[in-house]
Amino acid sequence: MSLIEDIFAMRLINYVPSRPGAIFLAALPFILLFVAYSIASDIRLTANPQDKLLPAPSTIVETAERLFTVPDKRSKEILLWNDTFASLGRLFGGVAISATLSLILGIAIGLLPYARSLFSSFIAVMSMVPPLALLPILFIVFGLGEVSKIVLIVIGITPFMTRDLAQRVMEIPNEQIVKAQTLGASSWVVAQRVALPQVLPRLISNVRLSLGSAWLFLIAAEAVASNVGLGYRIFLVRRYLAMDVILTYVIWITLLAFIIDWALKALSRRAFPWMEAGL
Amino acid sequence: MSFVGVTNVWQRYGDRSILERVNVSVDEGEFVSIVGASGCGKSTFLRMLLAEESPYKGDISIEGGDTAVEPNRERGVVFQKYSVFPHLSVRENLIAAEAFQNPLGTLRGSARKNAETRADAMLERIGLNHVLHQFPASLSGGMQQRLAIGQAMTAKPRILLLDEPFGALDPGTRLQMHDFLLELREETNMTVFMVTHDLDEAFKLGDRVLVFDKPRWDPQDPGLFGATITYDFDARDKGIPYQDILAAYPSLASA
């Protein structure tokens, strides 16, 4: 270790990149990934122009253009947009239900000792159940329609969000709860005017963290049984080894997830200015 | 009859005694400082005055009322920190002191307008009118405590409880806060209980200084006996109560 540090004038932990340097470093992994893919694709296509496994970047762009703009021959609809709206509807439905449930349960568990005794071990156990193992049960109980997919997302992310929110409510200094009581606040007012506003920022960051799992559950459910949706399409075209379509969809899903995450972050900053007042 | 009456109060956690046989009676408008070593039960005593916890035995009454089982608007409180709501602006913190007693915790229409007017007057009084739209986290420690005191006073409690209110402040700010509190007291004649570690502060601000300590001590079982009030000083006139007695009773001089 000392050998490395002899070469540098300072400890490595004290080197901070300049702003342009930081931007370059942030871009570097993306560039490297693209270059590596292009080279690999080129090698395979040179050996066999019919190769479908690693389509050239230009092919992916062409496919993407077609998928986004050209309607399907039979249905006269653009499938990618249909898939997107169907998937986003399920995703937002599931996440919205989970967020509402976890908020109500979390505040109740955090503030009411009776609710804590009643629910906290139950939710701790429930959060250990692997949600995908329940998928067959959900399909049997709720059918193959929308409900089972939304329920899978809800079952998958609600326990974790509830536990975290309850923890945050319990972390509100007791002084504040007592203070509110000395100002005459009822339990409801403590929940609504003291606890709720202080855990809402946490709810948003919870949603951001849970979106990854929510996508996972959504795509899994769509892959198993569906007739429209981003996950359904990917698993459908897999049969034809249509890597260009799969890669377009994967990039599109990644982009959607990124935009949603960014929007939630922006919302959190705007809606909760008091969070950053001290910084 | 006394304003605040504490009668034969005991407190214990499990089989550990904290307080035993605490008796004290306080008149309306008295400022009572409470001092003692760490772990002597003075904060426990304050929490019982606050009704955050109930005594194991005995009664605590305000104006002859029953021992309270939970905090209410009769008791205002300022803690060392976390006494104001971080998600509400300075002004909203004061309005909350009036709004929280409503079923939904909010005020509407003319009630809201009146509360805003009173909040602005209080902000003027506590010298925070220039930061009314800021959030507590952006205020200095002294300003936060002034806001906390203003918030507690806005609810017009019968007694005001201060739990080491200036413990986290630097010495200069602490002196400013003393002046602020003395002025405020002069105006309102509020009954105040203040727990502090600072003896100078206790005697400077208080009319009375209560000292908590353990009169009995079992070296084999330190938790066996609890603490009680071992001294009850008259702290008026700089702690020398009779130095101005001739001014009050001139007839004594001629005798």
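At-a-glance table
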item	result
Environment charge at A:V207 (Cβ cut-off 14 Å; Lys +1, Arg +1, Asp -1, Glu -1)	+2
Inter-chain Cβ neighbour average for residues B:69-75, partner chain, 10 Å	4
Candidate residues B:F225, B:F193, A:F34, A:F142: accessible-area rank, largest first, probe 1.4 Å	A:F34, A:F142, B:F225, B:F193
Angle in degrees between helix B:171-188 and the longest Cα principal axis of chain B, rounded to the nearest 10	90 degrees
Most mobile of B:T196, B:T106, B:T67 in a GNM of chain B (Cα contacts under 10 Å)	B:T106
Two-site FRET efficiency, A:L28 against A:L267, from Cβ-Cβ distance with R₀ of 41 Å, rounded to 0.05	0.85
Heavy-atom accessible area order for B:E28, B:E98, A:E222, largest first, 1.4 Å probe	B:E28, B:E98, A:E222
Nearest-10 value in Å² for the accessible area of B:S110, using the 1.4 Å probe	90 Å²
Residues A:S187 and A:L132, FRET efficiency given R0 of 41 Å [Cβ-Cβ distance, rounded to 0.05]	0.60
A:L209/B:N102 FRET efficiency (R0 30 Å; Cβ-Cβ; nearest 0.05)	0.25
Local electrostatic count at A:L80 - Lys and Arg +1, Asp and Glu -1, tallied over other residues with Cβ under 12 Å	-2
Within 10 Å of each Cβ in B:83-95, the average number of Cβ atoms from other chains	4
Alpha-carbon centroid distance for the pair the stretch A:46-66 / the stretch B:169-192, whole angstrom	77 Å
Acute angle (nearest 10 degrees) that the helix B:109-126 long axis makes with the longest principal axis of chain B, alpha-carbon atoms	60 degrees
Space enclosed by the convex hull of the alpha-carbon atoms of the protein assembly as shown, per residue, Å³	286 Å³
Restricting the stretch A:1-86 to GluC sites (Glu not before Pro) in coil, as DSSP defines it, with at most 14 other Cβ within 10 Å	A:E77
Solvent-accessible surface (1.4 angstrom probe) belonging to A:I140, in square angstrom, nearest 10	140 Å²
Kirkwood Rh and Cα Rg combined as Rg/Rh, the stretch B:24-128	1.03
Label-point separation in nm, A:L101 to B:K204, each point 7 Å along Cα→Cβ	5.8 nm
Mean ellipticity per residue at 222 nm, deg cm²/dmol - from DSSP H runs of n ≥ 4 across the protein assembly as shown, formula -39500 (n - 2.57)	-17500 deg cm²/dmol
Cα long-axis angle, helix A:243-271 against chain A (0 to 90 degrees, to the nearest 10)	30 degrees
Protein accessible area in chain A, 1.4 Å probe - carbon and sulfur %	70 percent
Charged-residue dipole, Cβ positions (Lys, Arg, Asp, Glu), chain B about Cα centre, Debye nearest 20	600 debye
Extension gain from B:I245 to B:R216, taking 0.36 nm per residue of separation minus the Cα-Cα distance	6.8 nm
Set A:K52/A:K76; B:K81/B:K238; B:K113/B:K156; B:K81/B:K204; B:K42/B:K238; A:K52/A:K73 screened for pairs whose C-alpha atoms are more than 25 Å apart	A:K52/A:K76; B:K81/B:K238
Protection-proxy order for peptides A:143-154, A:42-53, each taking the mean of Cβ atoms within 10 Å per residue, highest first	A:143-154, A:42-53
Rg [Å, one decimal], Dmax [Å, integer] - chain B, C-alpha atoms	19.8, 67
Inter-centroid distance (Cα atoms) of the stretch B:106-121 relative to the stretch A:164-199, Å	23 Å
Exposure rank, largest accessible area first [B:H133, B:H178; 1.4 Å]	B:H133, B:H178
Solvent accessible area, Å² - A:L267, 1.4 Å probe, full protein context	90 Å²
Computed label-point distance, nm, for sites A:M170 and B:E70 using a 7 Å Cα→Cβ extension	2.0 nm
For residues of B:185-195, the mean tally of beta carbons on other chains within 10 Å	0
Virtual spin-label span in nm between A:V147 and B:L224, 7 Å along Cα→Cβ	6.9 nm
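The values are calculated or read from the model by the stated rules, or taken from the named source; none is laboratory data. Just so it is clear, the structure is predicted and the values come from calculations on it, not from any experiment. Neighbour counts run over all protein chains shown; Cβ positions are idealised from the backbone, glycine included. Remember, those area values only see protein heavy atoms, side chains included, never the ligands or the DNA or RNA. Shrake-Rupley method; radii C 1.70, N 1.55, O 1.52, S 1.80 Å.
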